[in-house]
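The values are calculated or read from the model by the stated rules, or taken from the named source; none is laboratory data. Computed from a prediction, not measured in an experiment: that's the story for all the values here. Here the Cβ positions follow ideal geometry from the backbone for every residue, glycine too, while neighbour counts run over all protein chains shown.
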Amino acid sequence: MGYTIAQKIIKEHLVSGEMVAGQEIGLKIDQTLTQDATGTMAYLQFEAMGVKRVKTELSVAYIDHNTLQAGFENADDHRYIQTVTKKHGVRFSRPGNGICHQVHLERFAVPGKTLIGSDSHTPTAGGIGMLAMGAGGLDVAVAMGGGTYYITMPKMIRVNLISKLGDYVGAKDIILEVLRTLSVKGGVGAIVEYAGEGVKTLSVPQRATITNMGAELGATTSIFPSDEVTRAFLAAEGRESDFVALASDSDAEYDAEYTVNLSELQPLAACPHSPDNVKPVSELQGKKINQVCIGSCTNSSMLDMLTVAAMLKGKTVHPDVSLSISPGSKQVYTMLARCGALADLISAGARILECACGPCIGMGFSPQSAGVSLRTFNRNFLARSGTADANVYLVSPETAAASAIAGVFTDPTTLGQAPKIEMPTSFLVDDNLVELPVKAEDADEVTVERGPNIKPIPVGKEPAKDLQCSLILKVGDDITTDHIMPAGAKILPYRSNVPKLSEYCFTVCDPTFPERAKAAGGGLILGGSNYGQGSSREHAALVPLYLGVKGVIAKSFARIHVANLINFGIVPMTLENPDDYEKLTQGDELEIQGFAAAIKEKDEAFVENKRTGEKVKVKLTLSPRQREILLAGGRLNYTKKNG
């Protein structure tokens, strides 16, 4: 049997385990990336390990999330990251250089290499043939220190792309179609590989749009072949020497296969409040809109920006619409200015934001009350935009531009022939905003600067012999990390301050949760299916740890979040019978006898409801390594103990 592209890369980087789906494997990591909303914790954890110098081939710290500086907190965090990376061997991408995934794709991603990043959209680099995965900050810190990255060996899903896209239909429409087919749970435990003749018709930025939103499938990652299109992109970036051809073997086997006929696709939109709630734009035609946001790590490439500029040229944004545009990188921004496309955007009435995540994470540009916002972003979770009652739709840049002009949802295919976009054969290469670290022998001369908002990391404790506590929160299906630990301009500045951050934990679901959790001295949480989907933010585990959460019972978990729970000593337990969810009520007193013993060596435990006397069976799906981490009270304790 032959290998898929992902299996070939895994085989080359395998440190431990066997390539059998469902078994835990350990991988050598070539590159890491962090961003500032998760990076502070990652570097605090790296420092706690006592490793003097990163051991990866390349590690880059990006400042792209917390760029709205309404107080000292964000600026202090940036200064900490700038100095700690200079000391320990990490490159530092300064504010203004761009969004981590766009810049990494342009300047650092390499086909056939492994990358993990403390951001769930790290799979963007799969568009260039890299095995790129989102991870918690602690996992990234361990990898920077030369440690192994552990995942469950994924299944393989193949998506065959045939034919080619029609006018005004974009790569965003491809991934929305895949989401409509597979759902936000459809990629859980799998790697999605794109193949077929249609692949050759897609540029690397288009491929990256698709792999970026593969995170919304719940997939471990997504990946494209590395072919002549890849070579041309790398050559245009002055990096042709990084090219390696990669393709799956003809006799590779897949656990599932799907086909998307690109010529039959039409413009699509993900409706509130989930990326898989997809409808054709034609069904929404004429619906009044208030806001359009173009950019984010999903759709901020030169190709996207030139497409929008061509559609807006000589036109004016509708007076009832506020349009923002965020170029993805300094490279894109500068080239737009030099070719005149930026002037076309400004003349049309677009508000040009900096090269950062911005509105995608609720960092400014929130919609009006009950507003309808069309965004080229990757997530439209409830309240993520910063406006609790807003209705956010995810669309392509083509649909966004057409609708911004009309003031209503507009199917761009009704506009006639699309403008022809000529992509440059070479990109402007200027890495002047990427600071290099000092040499190892000069590291002692660098002083790491810490602001007063940076607080110590909570550390877990060894589990109790018998667990007795209350069920302090019961939530439903598809609880996201935005539910658990919201983002936004008001909250993100406290990402380095867990005690302050705890005041906002789960407040989207229950405003009283932080106060109740403290009063109860912690307890257990009950969730539905796909608990913890979305971001890689480890704060969604760190903050519950600080509030005393001992474990989470759920019907099923998202991959990155369950790893973060284990890393911080919170025990993930899966209901053997999903119907038992109804047997537990918020406020119930619960008991698990032999809790520590079950973690150590059992695959199941029984949760007794003291109110009813009923027992609910839960599964402990843990590897031997994960059991040891939980018994130590988390990975920091485990690492200190085991070296």
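Only residues that are in a helix (DSSP H, G or I) and either farther than 22 Å from residue 544 by Cα or of a type outside the set (A, V, I, L, M, F, W, C) (or both) were counted across the range 631-643, and they come to 7. Among the residues of the range 353-392, those identified as among the small types (Gly, Ala, Ser), under 18 Å from residue 68 (Cβ atoms) and part of a loop (DSSP other than H, G, I, E, B) are 356, 362, 364, 366, 383, 385, 386. So if I check each of 424, 359, 419, 397, which one is modelled with pLDDT under 95 and within 22 Å of the chain's Cα centre (by Cα)? Selected residue: 359, the only one of 424, 359, 419, 397 that is modelled with pLDDT under 95 and within 22 Å of the chain's Cα centre (by Cα). State the number of residues belonging to the range 14-67 that are touching a helix residue (DSSP H, G or I) at 6+ places or on another chain (Cβ under 8 Å), of a type in the set (S, T, N, Q), modelled with pLDDT of 95 or more and not in a strand (DSSP E or B). So the count comes out to 1. Pairs meeting the criteria (first residue in the range 343-364 and in contact (Cβ under 8 Å) with a residue 60 or more places away in the chain, second residue surrounded by 18 or more Cβ atoms within 10 Å (Cβ to Cβ) and assigned to a helix (DSSP H, G or I), beta carbons under 6 Å, at least 6 apart or on different chains) are 355/330; 355/333; 364/358. Those strands (runs of 3 or more DSSP E) of the range 537-610 in which at least 3 residues are among the hydrophobic types (A, V, I, L, M, F, W, C), considering only elements entirely within it, cover 549-554, 571-575, 604-609. Kindly check whether there is at least one residue in the range 21-34 that is over 30 Å from residue 190 (Cβ atoms) and crowded, with 23+ Cβ neighbours inside 10 Å. Checked the range 21-34: no residue is over 30 Å from residue 190 (Cβ atoms) and crowded, with 23+ Cβ neighbours inside 10 Å.
State whether the residues of the range 281-288 include one that is without any contact (Cβ under 8 Å) to a residue 24 or more places away in the chain, surrounded by fewer than 19 Cβ atoms within 10 Å (Cβ to Cβ) and assigned to a helix (DSSP H, G or I). Looking for residues that are without any contact (Cβ under 8 Å) to a residue 24 or more places away in the chain, surrounded by fewer than 19 Cβ atoms within 10 Å (Cβ to Cβ) and assigned to a helix (DSSP H, G or I), one finds at least one in the range 281-288, hence yes. Does residue 401 qualify as being crowded, with 18+ Cβ neighbours inside 10 Å and either in contact (Cβ under 8 Å) with a residue 40 or more places away in the chain or part of a loop (DSSP other than H, G, I, E, B) (or both)? The answer is yes for residue 401. Each residue in the range 439-454 was checked for being in a loop (DSSP other than H, G, I, E, B) and surrounded by 15 or more Cβ atoms within 10 Å (Cβ to Cβ), and 6 of them qualify.
For residue 628, the conditions (1) of a type in the set (D, E, K, R); (2) in contact with a strand residue (DSSP E or B) (Cβ under 9 Å, 6 or more places away or on another chain); (3) assigned to a helix (DSSP H, G or I) are fulfilled apart from (2).
Does the range 605-616 include one or more residues that are in contact with a Phe, Trp or Tyr (Cβ under 6 Å, 6 or more places away or on another chain) and modelled with pLDDT of 95 or more?
Checked against the condition, which is being in contact with a Phe, Trp or Tyr (Cβ under 6 Å, 6 or more places away or on another chain) and modelled with pLDDT of 95 or more, the range 605-616 yields at least one hit.
Only one of the numbered conditions (1) buried (at least 23 other Cβ atoms within 10 Å of the Cβ); (2) within 23 Å of the chain's Cα centre (by Cα) is not met by residue 303, and that is (1). Looking across the range 319-352, the residues that are buried (at least 20 other Cβ atoms within 10 Å of the Cβ) and either assigned to a loop (DSSP other than H, G, I, E, B) or assigned by TED's automatic domain parsing to the domain that holds residue 486 (or both) come down to 321, 326, 327, 328, 350.
Can you find even one residue in the range 182-189 that is within 25 Å of residue 227 (Cβ to Cβ), among the small types (Gly, Ala, Ser), assigned by TED's automatic domain parsing to the domain that holds residue 223 and touching a residue at least 60 places away in the same chain (Cβ under 8 Å)?
No, the range 182-189 contains no residue that is within 25 Å of residue 227 (Cβ to Cβ), among the small types (Gly, Ala, Ser), assigned by TED's automatic domain parsing to the domain that holds residue 223 and touching a residue at least 60 places away in the same chain (Cβ under 8 Å).
Within the span defined as the range 158-167, every residue fails to be surrounded by 21 or more Cβ atoms within 10 Å (Cβ to Cβ), outside any strand (DSSP E or B) and not charged (D, E, K, R). Taking the conditions (1) surrounded by 16 or more Cβ atoms within 10 Å (Cβ to Cβ); (2) more than 28 Å from residue 217 (Cβ to Cβ); (3) polar (S, T, N, Q) in turn, residue 480 satisfies each one other than (2).
Scanning the range 50-77 for residues that are among the aliphatic types (A, V, I, L, M) and touching a Lys or Arg at 6+ places or on another chain (Cβ under 8 Å), we see that the one that is farthest from residue 496 (Cα to Cα) is 58.
Per the listing 217, 138, the residue uniquely touching a Gly at 6+ places or on another chain (Cβ under 6 Å) and closer than 27 Å to residue 555 by Cα is 217.
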